[in-house]
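> Got a structure here, written out as structure tokens. Questions coming.
The values are calculated or read from the model by the stated rules, or taken from the named source; none is laboratory data. Values in this document were obtained by computation on a predicted structure and should not be read as measured data. We place every Cβ from the backbone using ideal geometry, glycine too, and count neighbours over all the protein chains shown.
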Amino acid sequence: MESNASSGDRKPSVTALVRGLHILQCFDRPGLELTVSTIARRVGLSQPTCWRLCTTLIECGFLVKAPASSALRIGAPALTLGYAAIHGQDLPGIARPYMAQASGELGGTITLGLCTGLEIVSVEQTNGTFILPNQPVGWRAALTSVASGLCVLAILPEEERAQKAAALAARDPAAWPRRLARLEAAQRQFHDFGYVASSDMFDGQYSVAAVPLIEGTGTQRRYWALSCGGVRSHWPDEVLANGANTLKRIRNILQPAASVLNASRTIA
């Protein structure tokens, strides 16, 4: 089998296996059907190479040919693995191992927060070498006051975001212009970079970056945020950007599972 020895501390990886897993990750929505050419573009492979890998996955049952189409869809063994991974678990339980790994890599606190009304509430937290003081699990903050709340506002449907903005403005009209400017800046930042970062927490002592997660679909959606951060002197802009990109990678792994969590709970 082909393998690549990576430099530094990275362990060798089996290239064909990695590519096969990347192909399976393309099927990130229930019922999705993709042609080989579409898959090849998504994973950055030539079409012949992609076809050989897909053929192997078809032979193993992890992919199947869609009826009356040249497209492929996910097969029963892959569905079984996914169901086994998420059945009986909630989003914090699924996210916790990835959060702990990221805390070890980054040395900072990783927090998973849930949007409830006009606030973000921390539900799960893993710590690195630096622990944010006075921030135990269960802390609450207004959506416009922290990066995790701002990233949730940035992805809300326009009507829902407007409703929350109006309610937040009514809470403190005098402070709303400043908070609206912060929200608009967060929306631009999320659009450009896929995350929201803030370096002015606790009077500029701490830096935090956050990305959103959406649990469920339709009217059953719940909005979460993954955030990371630490003391400003150890988390300058370039370090914070690295942390934000780590969160984006975790989000890409978790989002497909988060999307079907509610559906999985109805299967008994």
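> Kindly provide the set of residues from the stretch 67-102 that are modelled with pLDDT under 85 and among the hydrophobic types (A, V, I, L, M, F, W, C), ordered by number.
Of everything in the stretch 67-102, those that are modelled with pLDDT under 85 and among the hydrophobic types (A, V, I, L, M, F, W, C) turn out to be A68, A76, A78, L79, L81, A84, A85, I86.
> Right, something else. Counting only residues that are small (G, A, S) and over 14 Å from R52 (Cβ atoms), which one in the stretch 6-22 is modelled with the highest pLDDT?
So in the stretch 6-22, the residues small (G, A, S) come out as 6-8, 13, 16, 20.
Narrowing the set further to residues that are over 14 Å from R52 (Cβ atoms) leaves 6-8, 13.
Numbers: S6: 39, S7: 40, G8: 42, S13: 69.
By that ranking, first place goes to S13.
Residue-wise test of (1) in a helix (DSSP H, G or I); (2) surrounded by fewer than 13 Cβ atoms within 10 Å (Cβ to Cβ); (3) out of contact with any Leu (no Cβ under 6 Å at 6 or more places or on another chain).
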| site | (1), (2), (3) |
| --- | --- |
| F27 | no, no, yes |
| V64 | no, no, yes |
| S69 | no, yes, yes |
| P77 | yes, no, yes |
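> Then there is this: V239 - would you say it is surrounded by 14 or more Cβ atoms within 10 Å (Cβ to Cβ) and outside any strand (DSSP E or B)? I'd like the intermediate steps shown before the answer.
Working: surrounded by 14 or more Cβ atoms within 10 Å (Cβ to Cβ): yes; outside any strand (DSSP E or B): yes.
Criteria met by V239.
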